[in-house]
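Okay, so here's the structure we're looking at.
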Amino acid sequence: MRFSAIGISHWKSEVSIRELFFLDKHRRQLLEFHTKDIPGGILMLDTCNRTELYAFCDPDVLISALCKATNTDREFFHEHGYIHTEDDAYDHLYEVGTGLDSQVLGDVQIIQQVKQAYKKAKKKGLSGEFHQLIQSVFRAHKRSRTETDFGKGTASVGFAATQLALEHFQDLSEIRILLIGAGKMGKVSAKNLISNGAEHISVVNRTIDRAKQLASSFDIKAHAFSDLEEEIKKADLVITATGAKNPILHPEHFQGVEHPQLVLDLSVPRNVDPAVSEVENVTLIDMDSIHKANKKAIEQRKQSVPEIKHIIEEEKGDFMKRVKRSRYLLPRIKEIEHRLSDITDAELDRVKHKMDEDSYSQMEEVTRRIKKKIMAIHIDRIDQEFEKAQNEA
């Protein structure tokens with residue numbers, strides 16, 4: 001069965017399109033239902049910038065399942081999405097995992113998102129070949145950081161947001177900053193803001209305990225969600241990064257604010273109603289407007305791209321060789337093992353009535369060890385046959 005990858009991402013679709021394919025809990029459950037019969041399992045990768053499905057099946061199966069789960073149609077997907085099969089699909093997964101395909105080149109967060117997707121996929125069940133593929137992608141990512149300069153400098157979306165704030169305000173130490181959301185992006189944003197001089201940061205979250213936990217980690221202030229409107233009025237910079245399905249900030253939240261405000265919406269689906277951009281004194285920037293802020297790091301990473309592609313080719317080549325080897329060896333090994341079992345079982349049955357229980361148990365153990373040694377000889381022979389065939393190909 002061929003390997004396929006389908007998806008929607010920032011390269012082809014605006015945030016207003018991407019959020020239509022966002023996989024909340026209900027949609028994920030529907031998607032799991034519609035893909036439950038795919039042999040080998042499925043990897044669902046869902047981030048701010050992409051929704052992607054990977055599986056060993058026909059891509060039409062994945063497209064159909066995604067459209068059913070998100071209440072979209074196939075024509076709409078084909079207009080805004082993409083399809084990769086076989087070698088292109090493998091390349092795409094490696095490029096996503098190493099950060100080559102990220103909005104911010106070399107984004108450090110993507111590998112953690114792939115690992116989370118893999119963790120969820122394992123619970124549902126993945127084939128051995130799928131496991132090997134993901135582990136190979138992880139090795140490619142690790143090598144990209146240890147063998148090249150691709151991981152040097154900070155160029156994540158959270159850092160890019162901080163750079164936009166610096167360009168807008170110049171000095172972060174004097175401005176009042178409000179973080180809405182105490183998740184991973186909120187944590188990354190707080191860390192980057194503080195490292196760039198921010199001193200007056202508050203965090204608001206629907207769950208006050210999570211806000212307090214984040215606040216204690218960075219010595220900032222935590223507020224209940226009921227304080228949201230009041231805190232927005234005080235802030236010079238508002239950064240939203242929550243998992244809300246619909247906008248939580250609307251024009252009325254910013255009405256009456258007399259000082260200039262910068263609002264950075266780092267969420268997909270969007271947390272801020274686009275109409276907020278029309279409010280006087282407010283500058284709204286969403287995910288599609290975030291640029292590569294750390295230009296030096298990005299340029300350095302661009303120089304490493306050929307090395308990363310070489311690493312991908314090596315890791316993919318090793319993976320494909322292991323797959324070919326498994327596909328060559330396994331059926332032959334199973335056939336020999338089956339024939340050996342037939343022979344040994346028949347011989348044991350022939351002498352069973354002539355032996356007491358202890359003697360028969362010893363005979364079974366001796367037979368098992370002999371069988372294991374014979375299998376090792378055959379596996380070595382078949383492996384040599386495979387290597388010879390590969391060298392002659």
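Bear in mind that the values in this text are calculations on the coordinates, not laboratory data. Since this is a predicted model, take the numbers as computed values, not measurements. Neighbour counts run over all protein chains shown; Cβ positions are idealised from the backbone, glycine included.
Of note:
- Helix-only CD estimate at 222 nm, as mean residue ellipticity for the chain, using -39500 (n - 2.57) per DSSP H run (n ≥ 4): -18500 deg cm²/dmol
- For segment 251-262, 3J(HN,Hα) per residue [Karplus equation, 6.51 cos²θ - 1.76 cosθ + 1.60, θ = phi - 60°, Hz, x = Gly/Pro]: x, 5, 5, 10, 5, x, 7, 9, 9, x, 10, 10
- Nonlocal amide H pairs with residue 261, under 5 Å, H built at 1.01 Å: 282, 283
- Relative contact order %, the chain, counting alpha carbon pairs below 8 Å whose residues are six or more apart: 15
- Base-10 log of normalised Debye intensity for the chain (one unit scatterer per alpha-carbon) at q = 0.07, 0.11, 0.13, 0.14 Å⁻¹: -0.45, -0.88, -1.11, -1.23
- Computed from the C-alpha gyration tensor, the three semi-axes of the ellipsoid equivalent to segment 1-100 are 18, 17, 12 Å, from longest to shortest.
- Segment 125-203: projected area of the alpha-carbon convex hull, averaged over directions, in nm²: 7.4
- Note on residue 343 and residue 86: with the Förster distance fixed at 41 Å, the Cβ-Cβ geometry gives a FRET efficiency of about 0.50.
- Relative contact order (percent, whole number), segment 157-295, Cα cutoff 8 Å, 6+ residue spacing: 24
- For the chain, modelled as a GNM whose springs connect Cα atoms under 10 angstrom apart, the maximal fluctuation among 15, 257, 268 occurs at 257.
- Estimated from the Cβ-Cβ distance and a Förster radius of 51 angstrom, the FRET efficiency linking residue 17 and residue 335 is about 0.50.
- Per-peptide packing, taken as the mean over residues of other Cβ atoms within 10 Å, places 204-214, 123-133 in the sequence 204-214, 123-133 from highest down.
- Amide H contacts of residue 203 (H built 1.01 Å from N, in plane; Pro and chain starts excluded): 179, 221, 222, 223 sit under 5 Å, all sequence-distant by 5 or more or on other chains.
- Rounded tilt (10° steps) of 110-124 against the dominant C-alpha axis of the chain: 50
- From least to most packed, judged by other beta carbons within 10 angstrom and beginning with the fewest, 386, 225, 77 follow the order 225, 386, 77.
- Hz values of 3J(HN,Hα) by residue in segment 221-233 - Karplus curve (6.51, -1.76, 1.60), Gly and Pro given as x: 8, 10, 9, 6, 5, 5, 8, 3, 4, 5, 5, 4, 4
- On a per residue basis, the convex hull of the C-alpha atoms belonging to segment 302-367 measures out at 93 Å³.
- 13, 189, 195 arranged by Cβ crowding within 10 Å, fewest neighbours leading: 195, 13, 189
- In the calculated pair-distance distribution of segment 157-295, the portion above 17 angstrom amounts to 54 percent of the Cα-Cα pairs.
- Order of 319, 21 under a 10 Å beta carbon neighbour criterion, fewest first: 319, 21
- Estimated at 0.36 nm per residue, the fully extended path between residue 302 and residue 321 surpasses their Cα-Cα distance by 3.9 nm.
- Fluctuation leader among 32, 86, 315 - the chain, Gaussian network, Cα springs under 10 angstrom: 86
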